[in-house]
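Q: This is the structure I have questions about; it appears just below.
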Amino acid sequence: MPLDPDSQIKRKILRLLQDRGGTWGHQEWRQIDSGPFRLDQHMAELVREGSVQDDEVGQHYRLTESGKKKLASLEESVEG
């Protein structure tokens, strides 16, 4: 079953985080031109739900175990 557009964006953010070794610097994140996709809003939602940890001290986002499970579930929905 196809994912809704918001879930597709979240899946791609989680996939990128995983592909980058699980972390993404705040500075690098801010340099992305997100156009109409509201990437900051989606990242904030991922942080709120516990899929991504926002490390203010280290200035980076970190993929959590919960985020890995969410990514696997979203990818299963796409493939299934």
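The values are calculated or read from the model by the stated rules, or taken from the named source; none is laboratory data. Just so it is clear, the model here is predicted, and its values are computed rather than measured. Backbone-built Cβ (ideal geometry, glycine too); neighbour counts: all protein chains shown.
Okay, residues lined up against (1) buried (at least 17 other Cβ atoms within 10 Å of the Cβ); (2) of a type outside the set (A, V, I, L, M); (3) outside any helix (DSSP H, G or I):
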position: Gln41; (1), (2), (3): no, yes, no
position: Val47; (1), (2), (3): no, no, no
position: Leu71; (1), (2), (3): yes, no, no
position: Leu74; (1), (2), (3): yes, no, no
position: Val78; (1), (2), (3): no, no, no
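Q: Now a separate question. Any idea which residue in segment 9-28 is nearest to Val78 (Cα to Cα), counting only those that are out of contact with any His (no Cβ under 8 Å at 6 or more places or on another chain) and buried (at least 17 other Cβ atoms within 10 Å of the Cβ)?
A: Arg11
Q: Exactly one of (1) surrounded by 12 or more Cβ atoms within 10 Å (Cβ to Cβ); (2) in a helix (DSSP H, G or I); (3) modelled with pLDDT under 90 is unmet by Pro36. Its number?
A: (1)
Q: Would you check which residues across segment 58-76 are modelled with pLDDT of 90 or more and more than 11 Å from the chain's Cα centre (by Cα) and list them?
A: Selection gives Gln59, His60, Glu65, Ser66, Lys69, Ala72, Ser73, Leu74, Glu75, Glu76.
Q: Now for a different question. Could you check segment 28-48 and list, in sequence order, the residues that are among the charged types (D, E, K, R) and out of contact with any Lys or Arg (no Cβ under 8 Å at 6 or more places or on another chain)?
A: Matches in segment 28-48: Glu28, Arg30, Asp33, Arg38, Asp40, Arg48.
Q: Go through the residues of segment 9-27 one by one and say whether even a single one is within 12 Å of His60 (Cβ to Cβ), part of a helix (DSSP H, G or I) and modelled with pLDDT under 95.
A: Yes: segment 9-27 contains one or more residues that are within 12 Å of His60 (Cβ to Cβ), part of a helix (DSSP H, G or I) and modelled with pLDDT under 95.
Q: Identify, by number, the condition in (1) surrounded by 13 or more Cβ atoms within 10 Å (Cβ to Cβ); (2) acidic (Asp, Glu); (3) over 14 Å from Ser7 (Cβ atoms) that Glu65 doesn't meet.
A: Condition not satisfied by Glu65: (1).
Q: Moving on. Determine whether Leu3 is touching a helix residue (DSSP H, G or I) at 6+ places or on another chain (Cβ under 9 Å), modelled with pLDDT of 95 or more, surrounded by 14 or more Cβ atoms within 10 Å (Cβ to Cβ) and among the aliphatic types (A, V, I, L, M).
A: No, not satisfied.
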